[in-house]
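Engineer: Take a look at this one; I'll ask things after.
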Amino acid sequence: MKKVVLIVALIALMSVSTVSLFANGGKDTGDAKSTVTFWLADYEGIDHDFVGEIAAAFEAKYPEYEMDLVIVDWNALHDKLTTALASGTPPDASVIGTRWLLELMDLDAVVAPGDYVSQSTFDNIAPGAMEAKIDGTLMGIPFAAGSRFMAMNKSLASEAPATMEELRELAIEASKGGDYGLIMPGAKHSELSDFVYYFYAAGGEFFDANGKCIVNSPEGVKALEFMLQLALEDKVVQDGFMAQDRKESHPIFMGGKAAYVMIGAWADTEYGKMNADWDIEYMQIPPFAGNDPAPLIVTDSIALYSDGDNLEGIGKFIDFMYQDEWKAPLDKGMGFPPVTISAAKRPEFQTPMYAAMAEANLNAKGWPLVTGWVESASIIIDANQKALLGQMSAKEALDWAAAEVDKVRAE
Amino acid sequence: MENAIGIPKKRRLGGEATLAYALLAPAVLLMLLFMAYPIIYVFVVSLFKTNKLARIQEFDGFRIYGKLLADKENWKVIGRSLLWVITGVTTKTLFGIIIAVVLNTKYRGQKIARLLFVIPWASSIPISVMLWRWVYHTEFGLLNHTLKSLGISANPPVWLGQPISAFLSCMWVDIWIGIPFMALVFLAAMQSVPRTLYEAADIDGATRSQKFRYVTLPGITAILLIATLLSSLWTFNDFNTVYILTKGGPAGTTNILITYVYQNSFEWLKWQKASALSMFTFVILSIVSFLYSRVYFKREAM
Amino acid sequence: MLGLGYTNTNRLMKTFAIVLTIILLSIMLFPFLVMVVSMFKSSEEIYHIPPYWFPQKPTLQNFVTVWHTIPLASFFVSSAIIAFGAVILNTMISVPAGYAVARLNFPGKKTILYAFLVTQMFSPVVIVISLFKIVIGLKLIDTYISVIVANAVFTTPFVIWMLNGYFSGIPKSIEDAARIDGCSRVGALLRVILPIAAPGLVTTVIYTFIYGWNDFIFSLTFLQTQDKYPLTIGLYQFVGRFAVRWEELLAGSFLAILPVLLLFFFVEKQLVSGLAGGAVKE
């Protein structure tokens, strides 16, 4: 009997498969309509149904276009884009991490959006978010911009530190109760945080005017040594820090076991899931004494690809999408404050977290926009880890990193 | 020359080859179409300087191979990969045989046991590995919690945080993923040994261990060799485990050749170097296969 | 025990086997035990420090969320199409090939076997871009067939080698006996060899099925429309940029494993059919 069931199921499945196998091959479906392809990154909180609505509404307004809106998982986006570009078939446009822009420009893979997107859309974008300007031309349309800030567990600590040194004192104080003073992810992940927070707080620059890596400057050494002190001497950070990236360490804060964490726009969403019995407060990442505050700002952009086949259509789509009724809910879902001036005024964006981000925006610094940044960041993370593992001193590690980065970027 | 039942061997030879080629044609065609070009392409790319879009630029010859041979970091990665594969395959095979033997024994609940042992294999590898990363977690992971509760260790290590424990932890997960497969392969092999041979051995008065040595083991040797060879190739190229658990960290101390290749291609866009490293992999694995095949084909001739 | 078939197992050995099974299972299933208890936990319980095993306030909410957030049914169907497709394609081309290398002599046998092996030395990571170009060239982008073929390509060498081993392990005398009885080669293959090698064949089928069911990299690269995504890609959505939604990921992964177990449950009998040895008298 079992065998019969299995065989029947098999035949049914085979019939279904044979039919679907040959459906939807390739990109050219209809002739009357032209297809517009856009890859949207899968930000945590966006509503996939809503995204479908945007596509449908666009098609309703512009019946000559068929909208292919693909939602791509963030972790896979870079690989998928690389593959698509390498084979000459990228989408018309996609969301990218702004720092990818230089690589793409190096390969003549992108076109200036100004030729396809209307000026009114640009005018509605906050000037401070226009990070993706290369040699004066805007090459990427700001899509999301979020500065980093600090969150505090009010039942474990009560003061907002004005300097890094003060943060250290407060973290030590908070850790006396058995909880952790500060969260510090030590494992390798896609970003150079948390090192960059301390580095910028010390007034550090990654590269000098000639493009030479100066992460081993006194500022860099100061930042790294501070981290070593917090982690290895004061022991105020979480026990498993070497094995944890931010996806694994921030939940420790959200679970109520740490006093401070340097975090970003996802804080509210994560906190909301926890039904916590403690209150959260948002504040700025402090600078070292004697420096100006310089939190990190990370922007994502939309890039238009020269090999895309419907740039006109994608321009229209972007104009369409950036209207408040579509972009604002997207921004809210994504957890980022809006890049558009009109949307930023909406009531749903006037929360404490957004206020903290707005304040951070005033002084924030972005990632260096240089070629070879991905390798450079990877090397610097390795250097941090070598120091944290005790294999090298902070100065040795950063000297090694600077040399390696220069070598790698020269190739 | 005749075979055992008197059918003249010579007469069959010509027709045999034609039949063989016909039977092999679909498989060979498929592989040629989909693997030949990519493999050749990888080799070719390694001979050219490439841009970040993997387009070849100027001819570079074998220069990159010279650079890699001289690179100390490269040799560390290779050495680690060899350690990885030797330990991994040996452990998987051992566990596999033990479990196969256990599953071959008739007892109540045997069918359920077989089902349960398959679970690690049935689950999608990226997700299983992520699950292990969660299990290894110092604060949230139930591994350390269990070790502490059972009193086995008051202060368990931060598994993925230190070079040696991280490498061992990665190895364990890779082994863990591979064990059910090995167990199943050996179980099937043991089942395929004809019962008549055991009966004949019984008639001859063989003991249990003699039966194992002279009936079971020879019967499964072919499978044993093939399974361990293929396992060696796959284990060497196991990308998911190390990458998801540690991304090659901390400080590159768990990088094996395949993760190093990935890093150079998809992260750093150094396609020439990545291709050359892939060819390194090919050479190493060819040597491994060569050693195996000598043993395997020698057996066949016997 | 010790691979002796069903002969001579006594009480002591049965007990020993059961104890060993429990120990081994505890080790092997440890993460899944974690999965099973955690999927009934809400966020606060999952991220509780110190962690604990059993949920204090068990909830089915995670399953509900998974069901509403992602098109689970569509993912299931896609995974099934890919997996079954790979199995069918693979079996159709590998069984004849396996028979050929196991039973026939021909020039170039070693070379062909070795060539199949060579393809296993290249991980999908290394050649995925070239494969992508081929798929685009054949206008097969965003079709199931591209993923099925890719999976079949990577599993075929293994199946051929394994069938070679399983077929070789069957004494030629059995097959020759059948042929003396008047059987053709194909007949001998189907009625004598395959039944005896059934456990081996089932193993390779299961292998290919699982490979296809759990395919990640090819589905990721070749498929572009959401409604074609299989479970592996679909569930990966819960791994975000800033946080992992463990609650939903665990619930979804659990559901993804069930069909494989179901399949295994059905074919397990073939694995231990014990048809070995009886075939000659047939």
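Engineer: Longer than 28 Å from Cα to Cα, which of A:K133/A:K212; A:K235/B:K148; B:K49/B:K92; A:K212/A:K395; A:K365/C:K133; C:K14/C:K41 are they? Say none if no pair is. Show your work: numbers first, answer last.
Structural biologist: Working: A:K133/A:K212 21 Å; A:K235/B:K148 21 Å; B:K49/B:K92 40 Å; A:K212/A:K395 17 Å; A:K365/C:K133 39 Å; C:K14/C:K41 37 Å.
B:K49/B:K92; A:K365/C:K133; C:K14/C:K41, as the Cα separations exceed 28 Å there.
Engineer: Using the scaling law 2.2 N^0.38 Å as the reference, what is the normalised Cα Rg of the protein assembly as shown? Please report the intermediate quantities before stating the final value.
Structural biologist: Working: Rg = 29.8 Å, N = 995, 2.2 N^0.38 = 30.3 Å.
For the protein assembly as shown, the normalised Cα radius of gyration is 0.98.
Engineer: To the nearest Å, what is the center-to-center distance of the stretch B:31-100 and the stretch C:127-154, using C-alpha atoms only?
Structural biologist: Distance between centres, Cα-based: 22 Å.
Engineer: Below 8 Å, C-alpha to C-alpha, sequence gap of six or more: please give me the relative contact order for chain A in percent. Let's see the in-between values first.
Structural biologist: Details: 669 pairs, mean separation 104.4, N = 411.
Once normalised by length, the contact order is 25 percent.
Engineer: A follow-up question, please. Spin-label point model (7 Å from Cα, Cβ direction): what's the A:A162 to C:V36 distance in nm?
Structural biologist: Label at A:A162, label at C:V36, 5.8 nm between them.
Engineer: Please compute the Cα-Cα pair-distance distribution of the stretch C:2-61 with 10 Å bins starting at 0, giving whole percents from short to long.
Structural biologist: Answer for the stretch C:2-61: a P(r) of 19, 32, 20, 15, 13, 1 percent.
Engineer: Any idea how far the Cα center of the stretch C:244-266 sits from the one of the stretch C:163-195, in Å?
Structural biologist: Value for the Cα centre distance between the two parts: 39 Å.
Engineer: Using every Cα-Cα pair within the stretch A:258-309, state what percent have a distance larger than 11 Å. The partial results should precede the final answer.
Structural biologist: Numbers: 1068 of 1326 pairs.
The calculated P(r) of the stretch A:258-309 puts 81 percent of pairs beyond 11 Å.
Engineer: Taking only the alpha-carbon atoms of the stretch A:292-411, what semi-axes of the equivalent ellipsoid follow from 5 times the gyration tensor eigenvalues under a square root, in whole Å, largest first?
Structural biologist: Details: eigenvalues 276, 106, 22 Å².
For the stretch A:292-411, the semi-axes come out at 37, 23, 10 Å.
Engineer: A further question on this structure: With loop defined by DSSP as not H, G, I, E or B, and exposure as at most 16 other Cβ atoms within 10 Å, which is the longest segment of chain A clear of exposed chymotrypsin sites (Phe, Trp or Tyr not before Pro)?
Structural biologist: Values: sites that count: A:F22, A:W278.
For chymotrypsin sites (Phe, Trp or Tyr not before Pro) (loop position, at most 16 other Cβ atoms within 10 Å), the longest site-free span of chain A is A:23-277.
Engineer: When 1/r is averaged over all different Cα pairs and the result inverted, which Kirkwood radius in Å belongs to chain A?
Structural biologist: Numbers: mean 1/r = 0.0430 Å⁻¹.
Value: 23.3 Å, from the Cα pair sum.
Engineer: Using a ≥ b ≥ c from the Cα gyration tensor of the stretch A:32-144 (square roots of the eigenvalues), is it rounded, prolate or oblate, where a/c under 1.5 gives rounded and otherwise the larger of a/b and b/c decides, a/b for prolate?
Structural biologist: Details: a/c = 1.42, a/b = 1.21, b/c = 1.17.
Note, shape of the stretch A:32-144 comes out rounded.
Engineer: While we're here: At 10 °C and 1.306 mPa s, what whole-number value in µm²/s does Stokes-Einstein give for the translational diffusion of the stretch C:64-280, with Rh from the Kirkwood sum over Cα pairs?
Structural biologist: 83 µm²/s
Engineer: Summing +1 for each Lys or Arg and -1 for each Asp or Glu, what net charge is found among the other residues whose Cβ lies under 15 Å from the Cβ of C:Y207? Let's see the in-between values first.
Structural biologist: Numbers: positive: B:K92; negative: C:D215, C:E268.
Neighbour charge sum, excluding C:Y207 itself: -1.
Engineer: Which of rounded, prolate or oblate describes the stretch B:15-59 when judged by the alpha-carbon gyration tensor and an a/c cut-off of 1.5? Mind dumping the intermediate values first?
Structural biologist: Values: a/c = 7.92, a/b = 3.84, b/c = 2.06.
Verdict is prolate for the stretch B:15-59.
Engineer: So how far apart, in nm, are the two label points at B:A25 and C:N105 if each is 7 Å from Cα heading toward Cβ?
Structural biologist: Each label point lies 7 Å from its Cα, and together they span 2.5 nm.
Engineer: How many nm separate the modelled label positions at A:A60 and C:L261, each set 7 Å beyond the Cα in the direction of the Cβ?
Structural biologist: Rounded to a tenth, the inter-label distance reads 4.5 nm.
Engineer: Can I get the semi-axes of the stretch A:150-218's equivalent ellipsoid? Compute them from the C-alpha gyration tensor as square roots of 5 times the eigenvalues, in angstrom, largest first. Numbers along the way, then the final one.
Structural biologist: Numbers: eigenvalues 174, 39, 17 Å².
Working through the eigenvalues yields semi-axes of 29, 14, 9 Å.
Engineer: Note the direction-averaged projected area, equal to a quarter of the hull surface, for the Cα convex hull of the stretch B:63-301, in nm².
Structural biologist: 17.0 nm²
Engineer: Just report the Cα centroid separation between the stretch A:87-132 and the stretch A:179-214, whole Å.
Structural biologist: Using only Cα atoms, the two centres lie 26 Å from each other.
Engineer: Give me the net charge for the shell around C:Y236: Cβ to Cβ below 10 angstrom, other residues only, Lys and Arg +1, Asp and Glu -1. Before the final figure, lay out the partial values.
Structural biologist: Values: positive: none; negative: A:D42, A:D73.
Around C:Y236, the surrounding residues sum to -2.
Engineer: In deg cm²/dmol and to the nearest 500, what is the mean residue ellipticity at 222 nm of chain A if only DSSP H runs of at least 4 residues count, each as -39500 (n - 2.57), divided by the residue total?
Structural biologist: Dividing the helical sum by the residues of chain A leaves -13000 deg cm²/dmol.
Engineer: Mind checking the stretch A:110-168 for trypsin sites (Lys or Arg not before Pro) that DSSP puts in a loop (not H, G, I, E or B) and that have at most 16 other Cβ atoms within 10 Å?
Structural biologist: A:K154
Engineer: Filter the cross-link list A:K386/B:K72; A:K80/A:K407; A:K257/A:K386; A:K386/B:K270 down to pairs whose alpha-carbon distance in this structure exceeds 20 Å.
Structural biologist: From the list (A:K386/B:K72; A:K80/A:K407; A:K257/A:K386; A:K386/B:K270), the Cα-Cα distance tops 20 Å for A:K80/A:K407; A:K257/A:K386; A:K386/B:K270.
A short reminder: the numbers here are calculations on the coordinates, not readings from a lab. Fair warning: this is a prediction, and the values are worked out from it, not measured in the lab. Note: ideal-geometry Cβ built from the backbone for every residue, glycine included; neighbour counts use all protein chains shown.
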